[in-house]
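Novice: To start, I am sharing the structure in question, which I have written as structure tokens.
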Amino acid sequence: MKFSYQWLSELVEDLDIDAKEVSRRITLHTAESEGVEPHGALWAGACPATVLSAEPIPNSHNVKAEVETAAYGRKTVACGAPNCRSGLRTVYVPLGVKKVSGIDSDGMLASMAELGINADHDGIIELTEDIALETDSIIEIDNKSLTHRPDLWGHYGMARELAAILNKPLVDPVSLELLPQGPPQVEVIVEDLALCPRFSAQLFENVTVGDAPVWLQYRLRAIGLNSIGNIVDVTNWLLAELPQPTHAYDADKVQGAIVVRKAKAGEKILALNGEEYSLTIDDLIIADSSGPIGIAGVIGGKGSSIGPETKRIILEAANFNAAAVRKTSSRLKLRTDASMRFEKAQDPENTLRAIARGAELFELVSPGIRSLGGPTDVRAAVKPLPVIDLDFDWLNRKLGRVVEKSEVIGILERLSFTVQGNKVTVPSWRATKDVSIADDLVEEIGRMVGYATIAPIAPAMPVVPPPVNEERLFFNRLRASATQQGFDEVYNYSFISEAQAAKLGISLEAHIRVLNPIASDQSLMRTTLLHGALKNFEDNRRHFGTFRFFEIGKEIHKKSKGLPEEVPHLVAGVYNGHGDGAEGLRELERLMRGYAPACEFRPTDTAHPFEHPLRSAEVWLAAEQIGRLFEFHPNWVEGRAAVLDIDLDKLARLSAGAIRYQPIRRFPASEFDLSILTEPRVPAGTVEAILRAAATTATEKIEFIRDFTLPDGHRSLSFRATVANRERTMTQEEINAERERMIAAISAAGMKLR
Amino acid sequence: MIAEIEALASAALSRIAAAANLDEMEAVRVEVLGRKGTLAEFGKLMGKLSASERVDAGKALNGAKTSLEAAFDIKKTAFESAALNERLQSEWLDLTIPPPGLTPGSLHPLTQIQNEIESLFFSMGFTILDGPEVETEFHNFDALNIPADHPARDMQDTFWLEGGHLLRTHTSPVQVRGMMRLGPPLRMIAPGRVFRNEEVDPSHEHTFYQLEGMMVDRDVSIANLLYFMKTLLSGIFKRDTTVRLRPGFFPFVEPGFELDIECMVCGGAGCPVCKQSGWVELLPCGLVHPNVLRAGGIDPAEFGGFAFGLGLTRLVMMRYLIDDIRWLQSGDLRFLKQF
Ligand SMILES: [Zn+2]
């Protein structure tokens, strides 16, 4: 929202700080200013001038103009405007001498656009009477910081803030004595007073429609509004000043009574912007007997709009329910200056003020205009203004400093609150949404005394150790171990595309869909971190021959009801551009065994299509599968890409539990080796499991020592068993018995000792 | 006999002195001092001497033995140290060659800053909480005093999911979850991933990291909030920081503030980084709105509190002078290996 410094200085008496300082004070006490920009900068030094002669310059679209200026005498300028002609009264701007089209051009003749009046840059300004405008400063306030302040969407509201901050008198631009008097002339029926708490309308006749005066155009242009014509510009002025959105209808195009009602399903309206909108029964409209003539609080209809031939107008100043306006405007994707204000909950008390101010301004822009009778004013029962109990001591405790009661009352009164004892009455324009509880008053006092006046005070906090977030500690241990083993941490997005889902063969239905994705390739929530890993392999293998990475992130899984299940996973990857790929898988095994020494890798013959058919294993811990280890199929990633994918909820749960110390054995242990001959491709884990199953408690440990593949593919696998008795030295017979048990199991499994 | 002993000793001493290596010297030792050595031979002859001669000869014998052993030890030490020295001199190693094997990986800068800030808060008695990334409309908006028709919902472009849920637009939903879980008084933070439906460019991301903080106790004031933020930021930036509060609107706090820190580039004098204002907007904060306390099951008549949101992604970018936010989730190891 743009604020004109000139406008504000008309509303704050004796405003003696410049625009930059206004911007700073507003930022500190009211809302965030994004800065100050000049408007109409060329007016500094500009003066009226008459073109004495205009001669074409050969080989140029410019003309050489001799001008008689009001302030600088005679000047020669190069001018490219098609309307630059002898006898024209226009505006001269001194800019110094510049070579243009081969002549020394001293200054320039300016267009309306260059002078900040409107968008017209087709030619230089043509004056019928001399004008002099002053350069304005525009203070831009961040709209987000005005979300809660319906009153600050106009200059009068901001002027009130400024007057309160500076302790200066506020000038009310509205004189209610100018409100037309007499019987109402416009028939208005409001069907739902909750959605339209107030509807005021005034009839005017003897209207002349034409251009708005330059001062009005200039002011609107300064705050970013385009001039449409004298009547419409007045409505925009009211919106930017009070800030009451209003609308002017051509009274002769409105048939019968004005009815404020819900639209019928499918009812259509051609709006002022030339678009046709199809309405629903949730939309509130303004209608006459012929149908909709406006979408309430959003936009007027084309059919009843002002045209050059308009003679009588109806000025509507109404108040609409904020939520309803917001709903309609977002459904129609139509945000207008009116809807932006109404959805902040405007003050119903403002409608008649707008009509009084409108009547005054109409007389300035359309001489001879007359009001007919007085305003029609249909409204819901007036709501009493909220009264807040304010405990002054409590206020000081909230602030953390003492503000004298008299100062509190002074601040509140400058902001138009009324204070009686400890009862604070909220002004109507703050009562619609903004201020309702004592905490809101803490803000009013705090911001006005200035938060800089509050000295920091250490909070009195009990000294207690906070509960520890075990999950985070656990994740950080995993991270530390991964980085120690050479893995770099990556973060990937939670969004994936349908193509990514298809690439890993996951059905689209398994994913939670984003209803309004930023791009079509980010429309699903990831159900696995492998998509990110695939991308990390692809992206990084262009730069590195070998690399390792890991991510800890959440898989998001659909549930039939309630919030989805978010499962933390760790995915780690090792890439080698060359080689047999074994080392990558081994590194991941090592990483995993570091996390859970008791984990097992169980070969699986149900490899996914994206996995190397013979290089995938399930990771098991304490009789539960907690993840998977595999190498990507070369059709998915070129080179050797090994991946570990672990469910961290399971890992955390299964690896928890206190460690219990085992006393160091006092009697010596014995070892024996077994070399076993197996069929081709029998995993060592299978053989080891057989040995373990055969072992008694006397076996402390069975270790894999080495493997060896015979030319015919048969394997020789060697293990070393350590046996011991905690109570005494084992006899040779006992050791042999243990060994025999294992050998028997091996034979029973169809294998041989080598 | 004494003269003979002395002559022998003197000859042996010369031979020890002349020995070129340990072996030569060992030969002398065995020959003279050994069990069957020449000195031992003299010892055998002692029995034939008279008692008084025996005493003198014994002295001479012991004297010779002691001086030979000492000479031998000295020379032996010299040989050993020469040998050691020779070994050391042959063992030059180029320590500038990088070691073979793995270099450790790096933690993501967001993890690093998050850990750092978490431990800072933990040291101040704050519990670290987590919340879901997919949230209900209630927790993300309604419980935070942002009803359905509130224009504040437009401030946060929301990703809506099928099933009526949404991706949390801030970490603030953990406020209500935290109050429910911990009860008053409480101190908590909740760092995590948040989502906004925004076009991605060098300074905007749809996925970023925030840290929500909240303290609830009796009589919590703006002055307390100021103190706390100043302490916290001095901890984060590892220097004394100057902060200011100015009005800011966030429906879940009342009053609400934008907290600015004095520009660290220009020290407040004004520069392009702070758009000449001397201040850099850092974080939103405020006193917890009574409606939010109620939504968290806490009686606002009894307890109050403050809350704030810290942009972790923004902090990372500030600390490492990262000029394009998209690097953080690029997975590009050329970027990540720098941390
Ligand atoms: Zn600066």
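Novice: Going residue by residue through segment A:275-282, is there one that turns out to be modelled with pLDDT of 95 or more, over 19 Å from A:Phe199 (Cβ atoms) and touching an Asp or Glu at 6+ places or on another chain (Cβ under 6 Å)?
Specialist: no
Novice: Among residues belonging to segment A:682-722 that are more than 20 Å from A:Val619 (Cβ to Cβ) and small (Gly, Ala, Ser), point out the one that is surrounded by the fewest Cβ atoms within 10 Å (Cβ to Cβ).
Specialist: A:Gly713
Novice: Right, next: Within segment B:237-251, does at least one residue satisfy the condition of being assigned to a strand (DSSP E or B) and either at positive phi or within 16 Å of the ligand (Cβ to nearest atom) (or both)?
Specialist: The answer is yes, given that some residue of segment B:237-251 is assigned to a strand (DSSP E or B) and either at positive phi or within 16 Å of the ligand (Cβ to nearest atom) (or both).
Novice: Among the residues of segment A:25-51, how many are surrounded by 15 or more Cβ atoms within 10 Å (Cβ to Cβ) and free of Cβ contacts under 8 Å to residues at least 60 places away in the same chain?
Specialist: Residues in segment A:25-51 being surrounded by 15 or more Cβ atoms within 10 Å (Cβ to Cβ) and free of Cβ contacts under 8 Å to residues at least 60 places away in the same chain: 3 in total.
Novice: Does A:Lys383 satisfy the condition of being closer than 30 Å to A:Asn230 by Cβ, in a loop (DSSP other than H, G, I, E, B) and within 36 Å of the chain's Cα centre (by Cα)?
Specialist: No; evaluated as a whole, the condition is false for this residue.
Novice: Continuing with this model, one more query. Filter segment A:551-572 down to residues that are at the interface with another protein chain (Cβ under 8 Å from one of its Cβ atoms) and over 29 Å from the mean Cα position of the chain (by Cα), then give me how many there are.
Specialist: 0
Novice: Just to be sure I understand, how many residues within segment A:313-338 are surrounded by fewer than 24 Cβ atoms within 10 Å (Cβ to Cβ), within 13 Å of chain B (Cβ to nearest Cβ) and outside any loop (DSSP other than H, G, I, E, B)?
Specialist: 7
Novice: Next question, about the same structure. Just give me the residues in segment A:640-665 being more than 19 Å from A:Phe475 (Cα to Cα) and either in contact with a His (Cβ under 6 Å, 6 or more places away or on another chain) or modelled with pLDDT of 95 or more (or both), in sequence order.
Specialist: Once the filter is applied, which keeps residues that are more than 19 Å from A:Phe475 (Cα to Cα) and either in contact with a His (Cβ under 6 Å, 6 or more places away or on another chain) or modelled with pLDDT of 95 or more (or both), segment A:640-665 yields A:Arg640, A:Ala641, A:Ala642.
Novice: Could you check, for segment A:576-585, whether at least one of its residues is outside any helix (DSSP H, G or I), at pLDDT 95 or above, at negative phi and in the same structural domain as A:Glu631 (by TED's automatic domain parsing)?
Specialist: Yes: segment A:576-585 contains one or more residues that are outside any helix (DSSP H, G or I), at pLDDT 95 or above, at negative phi and in the same structural domain as A:Glu631 (by TED's automatic domain parsing).
Novice: Consider only pairs whose beta carbons are under 7 Å apart and that are at least six residues apart or on different chains; among these, list those whose first residue lies in segment B:275-298 and is free of Cβ contacts under 8 Å to residues at least 60 places away in the same chain and away from the ligand (no atom under 16 Å from the Cβ) and whose second residue is not in a strand (DSSP E or B) and not aromatic (Phe, Trp, Tyr).
Specialist: Matching pairs, first to second residue: B:Pro284/B:Gly248; B:Pro290/A:Ile437; B:Pro290/A:Asp439; B:Pro290/B:Pro300; B:Arg294/B:Pro300.
Novice: Turning to a different aspect of this structure: Got a sec? Which of B:Leu120, B:Leu68, B:Leu49 is touching a helix residue (DSSP H, G or I) at 6+ places or on another chain (Cβ under 8 Å) and either within 14 Å of chain A (Cβ to nearest Cβ) or of a type in the set (D, E, K, R) (or both)?
Specialist: B:Leu120 is the lone residue from the list that is touching a helix residue (DSSP H, G or I) at 6+ places or on another chain (Cβ under 8 Å) and either within 14 Å of chain A (Cβ to nearest Cβ) or of a type in the set (D, E, K, R) (or both).
Novice: Could you please let me know if B:Phe141 is more than 9 Å from chain A (Cβ to nearest Cβ) and surrounded by 22 or more Cβ atoms within 10 Å (Cβ to Cβ)?
Specialist: yes
Novice: In the set A:Leu614, A:Leu629, A:Leu563, which member is out of contact with any helix residue (DSSP H, G or I) (no Cβ under 8 Å at 6 or more places or on another chain) and either more than 17 Å from A:Ala642 (Cα to Cα) or modelled with pLDDT of 95 or more (or both)?
Specialist: A:Leu563 is the lone residue from the list that is out of contact with any helix residue (DSSP H, G or I) (no Cβ under 8 Å at 6 or more places or on another chain) and either more than 17 Å from A:Ala642 (Cα to Cα) or modelled with pLDDT of 95 or more (or both).
Novice: Another question about this same structure. Given the options A:Ala452, A:Ala460, name the one that is without any contact (Cβ under 8 Å) to a residue 12 or more places away in the chain and either touching a Gly at 6+ places or on another chain (Cβ under 6 Å) or under 28 Å from B:Thr242 (Cβ atoms) (or both).
Specialist: Being without any contact (Cβ under 8 Å) to a residue 12 or more places away in the chain and either touching a Gly at 6+ places or on another chain (Cβ under 6 Å) or under 28 Å from B:Thr242 (Cβ atoms) (or both) holds for just one of A:Ala452, A:Ala460, which is A:Ala460.
Novice: Could you check how many residues of segment A:443-491 are more than 7 Å from chain B (Cβ to nearest Cβ), of a type in the set (A, V, I, L, M, F, W, C) and farther than 30 Å from A:Asp393 by Cβ?
Specialist: 6
Novice: Could you check B:Lys238 against (1) within 11 Å of chain A (Cβ to nearest Cβ); (2) more than 30 Å from B:Trp160 (Cα to Cα); (3) out of contact with any helix residue (DSSP H, G or I) (no Cβ under 7 Å at 6 or more places or on another chain) and say which number it fails?
Specialist: Status for B:Lys238: all satisfied but (1).
Novice: Name the residues in segment A:597-622 that are in contact (Cβ under 8 Å) with a residue 12 or more places away in the chain and not in a strand (DSSP E or B), would you?
Specialist: Answer for segment A:597-622, where residues must be in contact (Cβ under 8 Å) with a residue 12 or more places away in the chain and not in a strand (DSSP E or B): A:Ala598, A:Cys599, A:Thr604, A:Ala607, A:His608, A:Pro609, A:Phe610, A:Ala622.
The values are calculated or read from the model by the stated rules, or taken from the named source; none is laboratory data. Small disclaimer: the values here were computed from a predicted structure and weren't measured. As a convention, Cβ positions derive from the backbone with ideal geometry for all residues, glycine included, and neighbour counts pool all protein chains shown.
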